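Everything on this sheet refers to the single structure shown next.
The values are calculated or read from the model by the stated rules, or taken from the named source; none is laboratory data. What you are looking at is a predicted structure, and each value in this text was computed from that prediction instead of being measured. For neighbour counting, all protein chains shown are included, and Cβ atoms are generated from backbone atoms with ideal geometry for every residue, glycine included. All accessible areas refer to the heavy atoms of the entire protein, side chains included, with ligands and DNA or RNA removed. Shrake-Rupley method; radii C 1.70, N 1.55, O 1.52, S 1.80 Å.
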Amino acid sequence: GKSSFAWQIARNVAASGRKVDYFSLEMSVSSLWARAACGALGIRWRDVRSGQVSQEKIDLIINETLNFMELFKDKLYLDDHVWSAKTIWQAVEESKPDLFVVDHLRLIKGGTTESEVKRLGEVSQVCKDVAKEFNCVSLLLAQLNRGVEQQDDKRPQLADLRGSGEIEENGDTILMMYRDEYYNPPPEGMQPTGLTDLYIRKFRDDVKDGIIHLSFDAPHQWFYETKNITELSTERINGLV
């Protein structure tokens with residue numbers, strides 16, 4: 001759910017009047033807008049991808065996509081080109097956003113070492129330097145190691161970050177998502193709850209290992225706060241998301 005969550009954050013920030021650059025290295029721009037439209041209409045994105053929707057719904061999605069693009073045209077810039085750390089720096093320098101999002105870190109080109117762990121460290125450090133240089137916030141999405149699938153307790157820890165050492169060192173805040181239903185689907189006939197735990201595994205100079213409890217509405221591609229918050233104040237949550 002990391003891409004859905006980041007895409008939600010980007011739209012919320014843009015809707016508040018701030019400027020966002022969204023570098024999508026995994027999903028095309030048209031797919032992102034269509035995914036947003038599907039969420040607004042309550043049409044499952046996976047049904048669209050598998051061709052299981054009518055032409056009438058396709059027309060609705062196209063119209064809603066155009067509405068979204070018009071609504072966010074001055075505040076939310078999307079790019080799905082293959083980006084390097086250098087070109088991200090140049091793009092942010094030119095557009096001066098309040099927030100830039102990279103989905104995801106491992107797909108950024110660049111780095112001067114053959115070690116993937118070191119390379120990811122160099123790239124994440126450049127993105128952090130960009131945020132400092134241009135006084136904005138950077139949000140980088142990262143993958144987990146496949147080994148987490150083999151663990152009895154699949155709640156992600158910092159060590160589960162793919163190439164974790166350098167990323168962990170550079171990150172000021174590290175949030176990790178866990179949705180139990182991903183691993184343990186509800187019995188047949190029962191509706192999924194969408195309950196999702198957002199663990200704060202690192203929060204520089206402040207509380208860590210707090211949990212934000214969310215609920216994921218899959219048809220609308222939207223996360224909602226469940227009002228059940230552990231070790232974290234509402235003010236701090238608002239500051240994070």
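Given H placed 1.01 Å from N in the peptide plane, which residues other than close sequence neighbours of Val137 have an amide H under 5 Å from its amide H?
Excluding prolines and chain starts, which carry no amide H, the hits are Leu99, Phe100.
Through the Karplus equation 6.51 cos²θ - 1.76 cosθ + 1.60, θ set to phi - 60°, convert the phi angles of segment 153-161 into ³J(HN,Hα) values in whole Hz; use x for Gly and Pro.
With the stated coefficients, segment 153-161 comes to 9, 8, 5, x, 10, 4, 5, 7, 5 Hz.
Which percent of the accessible heavy-atom area of segment 1-132 goes to carbon and sulfur, probe 1.4 angstrom? Could you put the intermediate results ahead of the total?
Details: 3360 of 6790 Å².
About 50 percent, which is the carbon plus sulfur part of the accessible surface.
Rank Pro97, Phe216, Trp7 by how far each Cα sits towards the positive end of the charge dipole of the chain (+1 on Lys, Arg Cβ; -1 on Asp, Glu Cβ) and give me just the farthest.
Result: Pro97.
Which loop-located trypsin sites (Lys or Arg not before Pro) does segment 1-94 contain, where loop means any DSSP state but H, G, I, E or B and the Cβ has at most 14 other Cβ atoms within 10 Å? Display every interim value, and only then the final one.
Details: sites: Lys2, Arg11, Arg18, Lys19, Arg35, Arg44, Arg46, Arg49, Lys57, Lys73, Lys75, Lys86; in loops: Arg18, Lys19, Arg44, Lys73, Lys75.
Those that pass, being in a loop and sparsely packed, are Lys73.
Kindly provide the GluC sites (Glu not before Pro) of segment 166-220 that DSSP labels as loop, not H, G, I, E or B, and whose Cβ sees at most 11 other Cβ atoms within 10 Å. Mind showing how you got there, number by number?
Numbers: sites: Glu166, Glu168, Glu169, Glu181, Glu188; in loops: Glu188.
Answer by residue number: Glu188.
What number results when the radius of gyration of segment 103-188, computed over Cα atoms, is divided by 2.2 N^0.38 Å?
For segment 103-188, the normalised Cα radius of gyration comes out at 1.26.
Please state the Cα pair-distance histogram of the chain with 5 angstrom bins from zero: what percent is in each bin?
1, 6, 12, 16, 19, 18, 14, 9, 4, 1, 0
Sum -39500 (n - 2.57) across every DSSP H segment of at least 4 residues in the chain, then divide by the residue count to get the 222 nm mean residue ellipticity, nearest 500.
Dividing the helical sum by the residues of the chain leaves -12000 deg cm²/dmol.
Roughly how many Å² is the accessible area per residue of segment 1-132, as a whole number, for a 1.4 Å probe?
On a per-residue basis, segment 1-132 sits at 51 Å².
So if I place +1 on the C-beta of Lys and Arg and -1 on the C-beta of Asp and Glu, and nothing else carries charge, what would the dipole magnitude of the chain be about its Cα centre? I want it in debye, nearest 20.
My answer is approximately 200 debye.
So for the chain, averaging the separation of alpha carbon pairs under 8 Å that are six or more residues apart and normalising by length, what relative contact order in percent results?
Numbers: 369 pairs, mean separation 46.8, N = 241.
Computed value for the chain: 19 percent relative contact order.
Got a sec? Charge dipole of segment 166-215, +1 on Cβ for Lys and Arg, -1 for Asp and Glu; which of Leu175, Gln191, Phe203 is way out at the positive end?
The listed residue farthest towards the positive side: Gln191.
Taking 0.36 nm per residue of sequence separation and subtracting the Cα-Cα distance, how much length would be gained by fully extending the chain between Glu149 and Arg49, in nm to one decimal?
That pair, Glu149 and Arg49, stretches by 33.4 nm at full extension.
What does DSSP give for the chain in terms of the percent of beta bridges that are antiparallel, rounded to the nearest 5?
Given both bridge residues lie in the chain, the antiparallel proportion sits at roughly 60 percent.
Need the full-extension length gain, Glu70 to Gln125, defined as separation in residues times 0.36 nm minus the C-alpha distance. One decimal, nm.
16.4 nm
With a ≥ b ≥ c the root eigenvalues of the C-alpha gyration tensor of segment 9-121, is it rounded (a/c under 1.5), prolate (a/b larger than b/c) or oblate?
It comes out oblate by the Cα gyration axes.
For the pair Asp59 and Thr173, what calculated FRET efficiency results from E = 1/(1 + (r/R0)^6), where r is the Cβ-Cβ distance and R0 = 51 Å, to the nearest 0.05?
Values: r = 41 Å, r/R0 = 0.81.
About 0.80, to the nearest 0.05.
Given points 7 Å out from each Cα along the Cα-Cβ axis, report the Met190 to Glu93 separation in nanometres with one decimal.
Spacing of the two 7 Å Cα→Cβ label points: 5.5 nm.
Which entries in Lys118/Lys154; Lys86/Lys118; Lys86/Lys132; Lys96/Lys202; Lys2/Lys202 show an alpha-carbon gap greater than 20 Å?
Working: Lys118/Lys154 26 Å; Lys86/Lys118 17 Å; Lys86/Lys132 15 Å; Lys96/Lys202 27 Å; Lys2/Lys202 17 Å.
In this structure, Lys118/Lys154; Lys96/Lys202 exceed 20 Å between Cα atoms.
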